[in-house]
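Step one of this worksheet: look at the structure below.
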Amino acid sequence: MKRRIKKAIEEAYKELVKKKRFPDDDVPSSHLISIPKQEQHGDYASNFAMVMASRLKMPPRKIAQEIVSALGDSLDFEKIEIAGPGFLNFFISDTFWQNSLNNIRDLGEHFGSSDAGAGKRVLVEFVSANPTGPLHVGHGRGAAVGDSLCRVLKKAGFQVESEYYINDVGNQMNNLGKSVYLRYKEAFGERVDFPDDCYKGDYIKDIAEGVKREFGDEFLKKDLSECLDFFTKRAVDEIFSGIKEDLREFRVNFDNWFSERTLHESGLIERTIEELKERGLIYEKEGALWFKTSEFGDEKDRVVKRSNGILTYFAADIAYHRQKIQRGYDLLVDIWGADHHGYVPRVKAAIKAFGKDEDILKVLLIQLVNLIEGGKLKAMSTRAGEFVTLREVIDDVGVDATRFIFLTRKCDSHLDFDLDLAKTQSQENPVYYVQYAHARLESVFRMAKDRGFELPNKDEADLSLLNAPEEIKIMKVLNQFPEVVEGAALNLEPHRISYYLTELAGLLHKYYTRYRFIGDDPLLTKARLVLAHVIKIVLKNGLELLGVEAPERM
RNA sequence: CCGCCCAUAGCUCAAUUGGAUAGAGCAACGGACUUCUAAUCCGUAGGUUGGAGGUUCGAGUCCUCCUGGGCGGGCCA
């Protein structure tokens, strides 16, 4: 609808230029169609006249007047008003809204889809937690946002792939294997000193116990160096399968699992560095190899290979992102914890070094989750084994509520996750408000069936009977859904969906209290059942984008 | 010392990307179940958008400075 109006205005303008009513000038893309907050300002508003005023050197209200007269009857508007400093306010007829219900009904689960993404290929990389311990709550936030974003982008016409980057090399891996080895020895009654750089969580003990059960004392006499690889692999496999299980349960889907190890084994990192060296972007200093990221906007150069010959994490990331680019995506979305923000300029620098516009990469920084329990902040550290796992929260709070909490905030705002509140007072969570709306509509249809009503065919229902202000308002909001999805996709802000659904649910609850879907008048009942059906479609489609279930009863 | 992010109702958060009189939920107070689910609805109250300037038709949103909070600034990841 917004596009239709915008186009109509632009055509009216061109028409007026031809008639020499206006001097010829480009139409700036900055003129927008918006939905006014005040109903008296119409269904849609345009700021066209105000945007053009300074360019055309004409008073905005005069421009608006010309546009209105040129628009004439080109669209079936109820009326067009000029208001305030020069807003064009468009009022749409009730008939239009009523008929739109059939349109939504026909589209069904596809309603909300658009071609805004124009089939562009997007890679969304998220979670990417090191396989050194189970996922904790903070990872959950990234998982929920990333997964929902993928769903939203798909809906908006992008070709989307989701990817998990596995940091399965480096010192941390050795420390992990060592930690299990030590716990293994401990399981046989040996006293061991547990170093600070080892992982102290109970899950390490569980893995060690598993090794003991399966292999007995086979490794007891062996030196750490002899069996480190075994213990490391064992630990990674076990932890990682746990991570995958948690994600599955959290309804988070990944198309690709990308192992950092493969970058090393294939020699891609070395080759990438070689290539950069040939282009003079790598130099040696104090025994290490440095990448001139400062030539591409970073504040200083960065080491890619340490003086001990070991590649840095950044080196792998350069190769990884280059490899992503070569896979041919139009857009790369990386979702990181906000504590990695200092890392953004150097990765963007790498991308520029490969001749790509840095805007091909969008980094979403997810603020850390503060966990509150007993009114106190809980410290979280994987290494110290102090953390609340995602699984724990899922089990206590539920997948739907947890996802909704994460998706009802902009990701760059700090999030206080109050465990006690989420566990004991989960009724306060707005997710139930939305789900309840869906369940209520299901219940209406159960009752309708008992009373001998079915959802009528399209030609059976007289939608013009739906003329109550509340009904018209609902129809308007229903029609916003595709635009909300589009906005959420283009701005990478899945939280918009949650707010939209809360508003729609609120309108339903209000309507439900005041009117009855099933009444004495069969014609009115039929029409309202169509409305109920369409609201249900939109609620369900929206909840699907959040990865939250639409229950039939509660 | 330098850089990035945040600051909106008592609390948790929105605000269509610069639009018109800043909105929801929770908490507080007062009402509504004989009718499709009260996990709901109606009403009351709650604000100098951290502070000061600036840009313009118009600023919570943009620019500068200040205050307060978070996070970074390693040949760690």
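Scanning segment A:302-344 for residues that are away from RNA strand B (no atom under 12 Å from the Cβ) and without any contact (Cβ under 8 Å) to a residue 40 or more places away in the chain turns up A:Ile325, A:Gln326. Out of the residues in segment A:512-527 that are farther than 12 Å from A:Leu466 by Cβ and either assigned to a helix (DSSP H, G or I) or of a type outside the set (Asp, Glu) (or both), which is farthest from the chain's Cα centre (by Cα)? Out of the qualifying residues, it is A:Pro522. Inside segment A:64-113, residues that are farther than 27 Å from A:Tyr13 by Cα and polar (S, T, N, Q) make up a count of 7.
Going through (1) assigned to a helix (DSSP H, G or I); (2) aliphatic (A, V, I, L, M); (3) modelled with pLDDT under 80 one by one, A:Ile372 falls short only on (1). Only one of the listed residues (A:Leu263, A:Leu224, A:Leu220) is of a type in the set (A, V, I, L, M) and surrounded by 18 or more Cβ atoms within 10 Å (Cβ to Cβ). That residue is A:Leu263. Could you tell me whether any residue of segment A:470-477 is farther than 30 Å from A:Arg3 by Cβ, at pLDDT 90 or above and among the hydrophobic types (A, V, I, L, M, F, W, C)? Scanning segment A:470-477 turns up no residue that is farther than 30 Å from A:Arg3 by Cβ, at pLDDT 90 or above and among the hydrophobic types (A, V, I, L, M, F, W, C). The combined condition, being touching a residue at least 12 places away in the same chain (Cβ under 8 Å), away from RNA strand B (no atom under 16 Å from the Cβ) and crowded, with 20+ Cβ neighbours inside 10 Å, is fulfilled by A:Gly146. Once segment A:260-294 is narrowed to residues that are of a type in the set (Asp, Glu) and either outside any strand (DSSP E or B) or within 35 Å of the chain's Cα centre (by Cα) (or both), the residue that is nearest to RNA strand B (Cβ to nearest atom) is A:Glu286.
Do we have any residue at all in segment A:486-499 that's farther than 27 Å from A:Ser114 by Cβ, surrounded by fewer than 19 Cβ atoms within 10 Å (Cβ to Cβ), modelled with pLDDT under 95 and small (Gly, Ala, Ser)? No, segment A:486-499 has no match at all. Across segment A:544-554, the qualifying residues are those that are within 15 Å of RNA strand B (Cβ to nearest atom) and surrounded by fewer than 24 Cβ atoms within 10 Å (Cβ to Cβ), and the one among them that is modelled with the lowest pLDDT is A:Met554.
Somewhere in segment A:439-458, is a residue under 23 Å from A:Arg251 (Cα atoms), touching a residue at least 40 places away in the same chain (Cβ under 8 Å) and outside any loop (DSSP other than H, G, I, E, B)? Spell out the reasoning first.
First, pick out the residues of segment A:439-458 that are under 23 Å from A:Arg251 (Cα atoms): A:439.
Going one step further and asking which of them are touching a residue at least 40 places away in the same chain (Cβ under 8 Å), we end up with A:439.
Remaining after also requiring outside any loop (DSSP other than H, G, I, E, B): A:439.
Yes, segment A:439-458 contains at least one residue that is under 23 Å from A:Arg251 (Cα atoms), touching a residue at least 40 places away in the same chain (Cβ under 8 Å) and outside any loop (DSSP other than H, G, I, E, B).
Within segment A:310-362, the set of residues being crowded, with 16+ Cβ neighbours inside 10 Å and among the β-branched types (Val, Ile, Thr) comprises A:Thr312, A:Ile318, A:Ile325, A:Val333, A:Ile335, A:Val344, A:Val347, A:Ile351, A:Ile360.
Among what's in segment A:159-201 and is of a type in the set (D, E, K, R) and in contact with a strand residue (DSSP E or B) (Cβ under 6 Å, 6 or more places away or on another chain), pick the residue that is farthest from A:Lys244 (Cα to Cα). Quick ask: steps written out before the conclusion?
Step one: of segment A:159-201, the residues of a type in the set (D, E, K, R) are A:161, A:163, A:168, A:178, A:183, A:185-186, A:190-191, A:193, A:196-197, A:200.
After this cut, where a residue has to be in contact with a strand residue (DSSP E or B) (Cβ under 6 Å, 6 or more places away or on another chain) as well, the list is A:161, A:163, A:168.
Values: A:Glu161: 17, A:Glu163: 13, A:Asp168: 15 Å.
Of everything passing the filter in segment A:159-201, A:Glu161 is farthest from A:Lys244 (Cα to Cα).
For A:Gly297, the requirement of being within 14 Å of RNA strand B (Cβ to nearest atom), surrounded by fewer than 21 Cβ atoms within 10 Å (Cβ to Cβ) and within 29 Å of the chain's Cα centre (by Cα) is met.
Residues of segment A:427-437 include at least one that is buried (at least 17 other Cβ atoms within 10 Å of the Cβ), part of a helix (DSSP H, G or I), within 13 Å of RNA strand B (Cβ to nearest atom) and of a type in the set (S, T, N, Q). Of the residues contained in segment A:450-458, one or more are found to be more than 9 Å from RNA strand B (Cβ to nearest atom) and on the phi > 0 side of the Ramachandran plot.
Tell me yes or no: at least one residue of segment A:498-510 is within 23 Å of the chain's Cα centre (by Cα), closer than 30 Å to A:Gly146 by Cα and among the charged types (D, E, K, R). Taking every residue of segment A:498-510 in turn, at least one turns out to be within 23 Å of the chain's Cα centre (by Cα), closer than 30 Å to A:Gly146 by Cα and among the charged types (D, E, K, R).
With respect to being within 11 Å of RNA strand B (Cβ to nearest atom), in contact (Cβ under 8 Å) with a residue 40 or more places away in the chain and either assigned to a helix (DSSP H, G or I) or not acidic (Asp, Glu) (or both), A:Thr502 fits the description.
The values are calculated or read from the model by the stated rules, or taken from the named source; none is laboratory data. On a predicted model such as this, the values are computed, not experimentally measured, just so you know. In this analysis, Cβ positions are derived from the backbone assuming ideal geometry, glycine residues included, and neighbour counts consider all displayed protein chains.
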